[in-house]
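Novice: Before I ask anything, let me first share the structure, which is written out below as structure tokens.
A short reminder: the numbers here are calculations on the coordinates, not readings from a lab. The structure displayed is predicted, hence computed values, not measured ones. Every residue, glycine among them, receives a Cβ derived from its backbone with ideal geometry; neighbour counts consider all protein chains shown.
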Amino acid sequence: MLAALSALWLLLAAAFLAVLLLQLLQAPRGAPPSGLLQDLIRYGKTKSGSGRRPAWLWFLDVPKRWFSHFYILSVVWNGFLLLVFIQALFLVRPLPLWLQDLLSAFGEASQNQDVGDKHLSALLVLILLWLHSFRRLIECLCISVFSNGVIHIVQYCFGLGYYVAIGLTVLCQMPANVSNGKIVNLSHNVPFGDWFERVSCPHYFAELLIYISMAITFGFHNLTWWLVVAYVLFNQALAAILCHEFYVNKFSCYPTHRKAFIPFLF
């Protein structure tokens, strides 16, 4: 029987796969469809070009620049998890009781790997996750230009919950007995160079590779983290095809050889 967190990631992966397949069935060069589902899955530039929206939906929008809140939360929350885990691992201090109860309620660690290896794997993944979140926070605050793009309030809440759940998922993989640049303009242009020559969204592909590297750190047998990878795969693939669709529809000269997400494949 799957633990609660494993079931959650399986459900999320299946849901995003279903939406991805539904999106792929639509004509790639047709007018972007409207509706509540489209409003929920689109954000930023892909939302601005998704057709006429009912007036009441505008009240559920928040600025896309609030993406930085995700990484602020992740740096603080996953930094806290990293700190208490280091204390438990090296200073033999038990995890807070409320955290132990939370981990017991949502996860069930397998016992088919050496305890020391699992502790080291969890530590490495938490460090990688924290560094990744810190890097993304710096990008949001110092590099990214968000203009006036928006996201749905449901997407915003989902993003906050994601970075809380992902840190808990890391700790659930261990045995339970552990003690700027100048802004030129705000318009969208065809990107060129490096990975952009192969795919429209290399940053989404890089995100997938990051989570695959974390999964390899845990080991190929770790079902829960590979379910996380499956979720990231379908989530980022959906965002990538929406972005690719935006570029294809907006620019008549957009390179036809480019894939949306994975070089040479998709």
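Novice: What are the semi-axes of the equivalent ellipsoid of the range 123-166, taken as the square roots of 5 times the eigenvalues of the Cα gyration tensor, listed largest first and rounded to whole Å? Don't skip to the answer; put the middle values down first.
Specialist: Details: eigenvalues 101, 58, 4 Å².
Three semi-axes, in Å: 22, 17, 4.
Novice: For SER144, SER200, SER121, what ranking results if the residue with the fewest other Cβ atoms within 10 Å of its Cβ goes first? It would help to have the intermediate numbers written out before the result.
Specialist: Details: SER144 15, SER200 24, SER121 21.
Listing SER144, SER200, SER121 from fewest to most nearby Cβ atoms yields SER144, SER121, SER200.
Novice: Taking the Cα centre of the range 182-266 as the origin, how large is its charge dipole in debye, to the nearest 20, when only Lys and Arg (+1) and Asp and Glu (-1) carry charge on their Cβ atoms? Before the final figure, lay out each step's value.
Specialist: Numbers: 5 positive and 4 negative charges, 31 e Å.
With only Lys, Arg, Asp and Glu charged at Cβ, the dipole is about 140 debye.
Novice: Hey, can you rank 86-93, 256-263 by average C-beta count inside 10 Å, highest first?
Specialist: On the way: 86-93: 13.0, 256-263: 15.6.
Highest mean packing first, the order is 256-263, 86-93.
Novice: Note down the Stokes-Einstein diffusion coefficient of the chain in µm²/s, whole number, using a Kirkwood radius over alpha carbon pairs, 10 °C, and 1.306 mPa s.
Specialist: Result for D is 79 µm²/s.
Novice: Using θ = phi - 60° and the Karplus form 6.51 cos²θ - 1.76 cosθ + 1.60, what ³J(HN,Hα) does each residue of the range 83-88 get, whole Hz, x for Gly and Pro?
Specialist: Karplus-based 3J(HN,Hα) across the range 83-88 equals 5, 5, 5, 4, 5, 5 Hz.
Novice: Also: Do the sum for the chain: with -39,500 (n - 2.57) for every DSSP H run of n ≥ 4, divided by all residues, what is the mean residue ellipticity at 222 nm, to the nearest 500 deg cm²/dmol?
Specialist: On the way: 9 runs with 157 residues, N = 266.
Only helices count here, giving -20000 deg cm²/dmol.
Novice: Could I ask something else about it? First obtain the Kirkwood hydrodynamic radius of the range 129-266 from its Cα pairs, then insert it into the Stokes-Einstein equation at 10 °C and 1.306 mPa s, and state the resulting D in µm² per second as a whole number.
Specialist: Details: Rh = 17.3 Å.
Result for D is 92 µm²/s.
Novice: From the residues PHE67, SER144, PRO96, which one has its Cα farthest along the dipole of the range 54-179 in the positive direction, the dipole being from +1 and -1 charges on Cβ of Lys/Arg and Asp/Glu about the Cα centre?
Specialist: SER144
Novice: Hey, got the Cα dimensions of the range 54-179 along the principal axes, in Å, largest first?
Specialist: The principal-axis extents, from largest down, are 54, 30, 24 Å.
Novice: Ranked highest first by the average count of other Cβ atoms within 10 Å around their residues, in what order do 74-82, 11-19 fall?
Specialist: On the way: 74-82: 19.0, 11-19: 16.3.
Per-residue mean Cβ counts within 10 Å order the peptides as 74-82, 11-19.
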